Amino acid sequence: MRQLKPPAAPADLIESFDRLCSHAAGPVCIAISGGGDSLALLRIAADWANLRGRRLLALTVDHGLRPEAADEARFVADVAARLGVPHRTLRWESPEPGQARARQARHDLLAAAAREAGSVILLTAHTEDDQAETFLIRARAGSGWYGLAGIQPLSLSPAGGTGVPVLIARPLLCASRARLRDMLRAEGQDWVEDPSNTDPAYERVRMRQLLAAEPALRARVLALREKLQLLRLVQDRALGRWLSADVEVRADGTLRTPLPMPPGEQGARALGALIALAGGRTRPLRTDALSRLARRISNPDTLRPATLGGAAICIKNGNLKVAAEHALPAEQVNAIPARLSAMVTACSAAYEIKCPRRS
């Protein structure tokens, strides 16, 4: 089999890998679908790994929802083998229709494979174009400024289950889709085109078409998102410091923190983090529900015990206590300190992982 030579990755992208993967233990895992963005990620990662002496593991999920999926996974395995990168195909054994189910299954399979490999980090191929599309989607849904800051370079995986928490890292957020495809063409590398990427039934595709038709809109969206991202980085760093300094995890999984909570909307985000940790929740809660409960907590004398998102919340002896509403498996309880640590890392490290430039 002819070995492929990975591309000489641009310095800014090598720097992005360096900053993000400094948090990785064991091999660096990469989610590869076979599309242009993910194959560019694979090839750049192979170049980075050769430069830094790091191990990689490429992972492809076969959802079994399209007949072409198995062939696409074999295509990715062939590219990875020619780059000298180990590869695994992960299969969803009981596929169900629906994008939300498929997305959760993909996160669960990828996180489980990363843990099995002894890794704590998974790279995905989100790009600058994904940022612009996400901004428009969230704006249309009425998102506040925090959500409009967009996709974060480092975040906790929403995978369910137990075990060591996995961080999702996105080293290509400052690279455009066109730039990545130009790199692939220069290397003579083909990629898979998913037909859903051109189906206007999906909102993301409609936003993609709108941005392609109006380049000036894309530039304005990215400039505004960048300003909001700077605000979010400061807020997230403060949240990470609070989680590290003020939150105690008891042996039974109960989280305790002294009152008062951080002020304003930061208090709602802090409360959401505690609920997610204690209740084992992987999806964010509604902002309005969190805000209402945070306001009640700011008046502790009148707060009665409450429940939200699978967690029970009460105040005792000047401390806020958050615990699972129903008993969790011992493995999940034991993983709470590690999840808290990973959450602190995601909040705090993002401040240092700013994109050096836009392309």
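Read the figures in this text as sums done on the coordinates, not as results from a lab. The shown structure was predicted, so the numbers you read here are calculated from the model rather than taken from an experiment. As a convention, Cβ positions derive from the backbone with ideal geometry for all residues, glycine included, and neighbour counts pool all protein chains shown.
Per-structure values
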{"read-out": "Whole-Å semi-axes of segment 81-222's equivalent ellipsoid (Cα gyration tensor)", "value": "27, 21, 16"}
{"read-out": "Bridge type composition, the chain - antiparallel percent by DSSP, nearest 5", "value": "55 percent"}
{"read-out": "Cα-only Debye scattering, segment 103-173: base-10 log of I(q)/I(0) at q = 0.14, 0.15, 0.21 Å⁻¹", "value": "-0.50, -0.56, -0.91"}
{"read-out": "Ranked packing of 324-330, 267-273, 72-78, most packed first, by mean Cβ within 10 Å", "value": "267-273, 72-78, 324-330"}
{"read-out": "q = 0.17, 0.28, 0.30 Å⁻¹: log10 I(q)/I(0) that the Debye formula gives for segment 42-85, counting C-alpha atoms only", "value": "-0.52, -0.95, -1.02"}
{"read-out": "Percentage of interatomic Cα-Cα distances in segment 176-224 larger than 16 Å", "value": "55 percent"}
{"read-out": "Centre separation in Å (Cα based) which lies between segment 76-148 and segment 39-70", "value": "12 Å"}
{"read-out": "Linear extension gain, Leu259 paired with Thr302, 0.36 nm per residue minus alpha-carbon span", "value": "14.1 nm"}
{"read-out": "Answer label, with percent of Cα pairs over 38 Å apart calculated from the coordinates and candidates (i) 19; (ii) 15; (iii) 32", "value": "(i)"}
{"read-out": "Distance (nanometres) between label positions extended 7 Å along Cα→Cβ at Arg82 and Glu68", "value": "1.9 nm"}
{"read-out": "Projected area averaged over orientations for segment 235-359, convex hull of C-alpha atoms, nm²", "value": "8.6 nm²"}
{"read-out": "Stretchable slack from Glu226 to Asp246, in nm (0.36 nm times residue separation minus alpha-carbon distance)", "value": "4.2 nm"}
{"read-out": "Whole-percent pair-distance distribution, where bins are 5 Å wide, for the alpha carbons of segment 262-306", "value": "5, 24, 31, 26, 12, 2, 0"}
{"read-out": "Segments 117-126, 302-311 sorted - mean Cβ within 10 Å per residue, highest first", "value": "117-126, 302-311"}
